[in-house]
Amino acid sequence: MTIDTTALQREMIAWRRDLHAHPEFGFEEKRTSAFVAARLREFGLDDVVEGVGGTGVVGTLKRGTSNRAIGLRADMDALRITEQGEHAYRSQNPGTMHACGHDGHTAMLLGAARMLAEDGDFDGTVRFIFQPAEEWGKGALAMLDDELMDRFPFEEIYGLHNMPSLPVGHFETRAGPIMSAEDNFEIVLKGVGGHAARPHWGNEVLVAACALVTNLQTIVSRRLSPADIGVVSVTELITDGTRNALPGLARILGDARSFRPEVSASIEKQMRVIAEGTALAHNVTAEVSYTREFVPLVNDAALTEEAFAAARSFLEPENIAVAAEPMTGSEDFARFLDHVPGCFVFLGNGRHSAPLHNPAYDFNDEGLLHGANFHASIVRRRLPAMGQP
Ligand SMILES: [Zn+2]
Ligand SMILES: [Zn+2]
């Protein structure tokens with residue numbers, strides 16, 4: 001039996017728009033996860049478990065006799081962004097929107113679940129993993145901490161993200177590092193604030209903070225090897241000063257990206273040296289807190305070849321490309337790759353798509369079937385049914 005893809009496409013569009021109209025922030029995906037679980041049960045999966053790692057859902061589908069198992073993952077959360085779109089299915093939750101296309105990713109994986117449940121042309125176990133809170137970088141860890149690997153074991157995992165500016169029907173990925181680690185930092189400078197007219201009576205922190213923001217730029221330009229990729233971005237500088245009062249307290253916040261743990265460690269080390277040295281030069285104190293939010297996403301070389309082969313089974317060969325270079329965005333999917341090998345891929349969201357996390361962004365429904373096909377094709381390739389090559 002082969003599923004009617006036109007009907008499935010229509011159904012996926014309806015799911016996607018329903019999810020889009022009802023976006024939920026990370027770990028609050030109650031309606032979304034209930035929606036997902038209800039669909040999976042309708043498709044006749046062998047097992048559907050809700051509440052994995054908070055609001056995560058895992059569906060299990062078994063066919064044949066093989067003991068092999070693979071994981072397919074989608075993310076379900078939305079962002080705290082006010083939508084600008086005018087379409088009929090625009091967000092009904094003010095201040096929250098699906099601005100990263102996770103509504104589309106969820107609908108695609110549901111589509112694949114329906115395809116595989118109906119066609120059943122594979123031998124083994126498929127775990128459909130719907131994770132919460134990708135944007136926070138906490139949802140995958142929450143599922144893993146909830147014993148995901150023991151309760152729903154699998155040997156390899158695949159995931160995808162839509163890509164604005166890449167035409168619909170185009171596919172990209174690459175072996176090795178493809179998305180970066182994200183670290184966050186906060187540096188607190190303390191001195192003595194006072195009257196703007198008499199800086200010499202106190203020990204204000206704003207000049208030190210400005211020097212520090214500039215000095216931090218030497219980490220990438222002068223401390224990292226030119227062969228390594230790193231980004232250090234100061235994103236906020238907040239003081240307790242006011243128009244005629246010099247600040248005694250300044251907070252400098254920011255974000256650093258890298259592709260290797262050694263580079264992340266080196267950025268932190270240099271940041272501490274520069275913060276303390278700059279503070280000393282200005283006679284103030286500095287305290288650095290440095291946290292690691294996302295780990296780098298590293299695709300397995302052999303499974304990346306399998307992902308390319310799966311893409312070739314349903315896309316035009318000229319639309320399948322090796323991503324030119326790693327991206328300094330981050331993805332929670334990387335956490336699963338700490339446990340099993342896998343591959344993360346990108347599918348076009350259209351040349352004219354607004355960027356991800358933009359209030360005018362919308363997932364492109366024309367790409368839905370490609371995503372469902374990718375998930376289903378990789379399963380058929382990795383868990384071939386008896387009698388198939
Ligand atoms: Zn996002
Ligand atoms: Zn995303």
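The values are calculated or read from the model by the stated rules, or taken from the named source; none is laboratory data. Given the structure is predicted, the values throughout are model-derived calculations rather than measurements. Quick reminder, even Gly has a Cβ in these numbers, built from the backbone with ideal geometry, and neighbours come from all protein chains shown. Ligands, DNA and RNA are excluded from the accessible area calculation, which covers all protein heavy atoms including side chains. Shrake-Rupley method; radii C 1.70, N 1.55, O 1.52, S 1.80 Å.
Among the residues in the stretch 321-328, are any assigned by TED's automatic domain parsing to the domain that holds ARG10, more than 16 Å from ligand 2 (Cβ to nearest atom), of a type in the set (S, T, N, Q) and over 30 Å from ARG68 (Cα atoms)? No, the stretch 321-328 contains no residue that is assigned by TED's automatic domain parsing to the domain that holds ARG10, more than 16 Å from ligand 2 (Cβ to nearest atom), of a type in the set (S, T, N, Q) and over 30 Å from ARG68 (Cα atoms).
In the stretch 301-344, the qualifying residues are those that are within 16 Å of ligand 1 (Cβ to nearest atom) and among the charged types (D, E, K, R), and the one that is most open to solvent (accessible area, probe 1.4 Å) is ARG335. In the stretch 70-90, which residues are within 16 Å of ligand 2 (Cβ to nearest atom) and surrounded by fewer than 24 Cβ atoms within 10 Å (Cβ to Cβ)? Hits for the stretch 70-90 are LEU79, ARG80, ILE81. From the list GLU86, GLU134, GLU118, the one residue that fits, being modelled with pLDDT under 95 and on the phi < 0 side of the Ramachandran plot, is GLU86.
Yes/no matrix, rows are residues, columns are (1) touching a strand residue (DSSP E or B) at 6+ places or on another chain (Cβ under 7 Å); (2) more than 15 Å from ligand 2 (Cβ to nearest atom):
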{"position": "GLY277", "(1), (2)": "no, yes"}
{"position": "LEU280", "(1), (2)": "no, yes"}
{"position": "THR304", "(1), (2)": "yes, yes"}
{"position": "VAL345", "(1), (2)": "yes, no"}
{"position": "ALA372", "(1), (2)": "no, yes"}
{"position": "SER377", "(1), (2)": "no, yes"}
{"position": "ARG380", "(1), (2)": "yes, yes"}
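If you check PRO167, PRO94 for being in a loop (DSSP other than H, G, I, E, B) and in contact with a Lys or Arg (Cβ under 8 Å, 6 or more places away or on another chain), only one passes: PRO167. Tell me whether the stretch 185-204 contains one or more residues that are open to solvent by less than 10 Å² (accessible area, probe 1.4 Å) and within 16 Å of ligand 1 (Cβ to nearest atom). No, the conditions are met nowhere in the stretch 185-204. Residues of the stretch 53-83 being within 17 Å of GLU24 (Cα to Cα) and either part of a strand (DSSP E or B) or more than 21 Å from the chain's Cα centre (by Cα) (or both), which ones? Passing the criteria: GLY56, VAL57, ALA74, ASP75, ALA78, LEU79.
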